[in-house]
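Here's the structure, in structure tokens; my notes come after.
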Amino acid sequence: MSDEIFKKVRRVISDQLGVEGSEISTTSHLQEDLDADTLSKGDLIDAIEKEFNVEFEPEQTSNVNTVEDLVNIVSDQLGDI
């Protein structure tokens, strides 16, 4: 997993959900730890797609539960820069 991608994902999460970056780790659960409801999770994924110029497949979005899930999808699409 790319540390650079994690840092950018963490920044987007912080901006979208209003959570301090220091409270976000790869193991953070979007709904349980970061209080993302279904709507904010969708908005977050949209923001990450725009930030990295990637597109999540519908089955990927339904399987996103943690920050690590987001980072892994982005890393896979970008070739783990």
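Annotations for the structure displayed:
- Area accessible to solvent at Asp37, 1.4 Å probe radius, in Å²: 90 Å²
- Extending 7 Å from the Cα toward the beta-carbon at both Ser2 and Leu39 defines two label points whose distance is 3.3 nm.
- By accessible area, using a 1.4 Å probe on protein heavy atoms only, the chain has 40% of its surface on carbon and sulfur.
- For the chain: accessible area per residue (Å², 1.4 Å): 58 Å²
- Counted residue by residue at 0.36 nm each, then reduced by the alpha carbon distance between them, the extension gain from Gln60 to Asp46 reaches 3.8 nm.
- Remark on Gln31: its backbone amide H falls under 5 Å from those of Ala36, a criterion applied only to residues 5 or more positions apart or on other chains, H modelled at 1.01 Å from N.
- Options [x] 1.15; [y] 0.96; [z] 1.35 - which one matches Cα Rg over 2.2 N^0.38 Å as calculated here: [y]
- Charged side chains reduced to their Cβ positions (Lys and Arg at +1, Asp and Glu at -1) give segment 16-74 a dipole of some 80 debye around its Cα centre.
- Computed over neighbours whose Cβ is under 13 Å from that of Thr27, the net charge equals -4, Lys and Arg +1, Asp and Glu -1.
- Which of Glu59, Glu32 is most accessible, then next, and so on - probe 1.4 Å: Glu32, Glu59
- Rounded to whole numbers, the Karplus 3J(HN,Hα) couplings from phi for segment 59-75 are 5, 6, 5, 6, 9, 7, 10, 10, 4, 4, 4, 4, 4, 5, 5, 4, 4 Hz, using 6.51 cos²θ - 1.76 cosθ + 1.60 with θ = phi - 60°, and x at Gly and Pro.
- Table column - 3J(HN,Hα) (Hz), segment 19-34, Karplus curve with 6.51, -1.76, 1.60, x for Gly and Pro: 9, 4, x, 5, 8, 9, 10, 5, 8, 4, 8, 4, 7, 6, 8, 10
The values are calculated or read from the model by the stated rules, or taken from the named source; none is laboratory data. Owing to the predicted nature of the structure, the values given are computational and were not obtained by experimental measurement. Note that each Cβ is placed from the backbone with ideal geometry, even for glycine, and that neighbours are counted across all protein chains shown. With ligands, DNA and RNA removed, areas are computed over all heavy atoms of the protein, side chains included. Shrake-Rupley method; radii C 1.70, N 1.55, O 1.52, S 1.80 Å.
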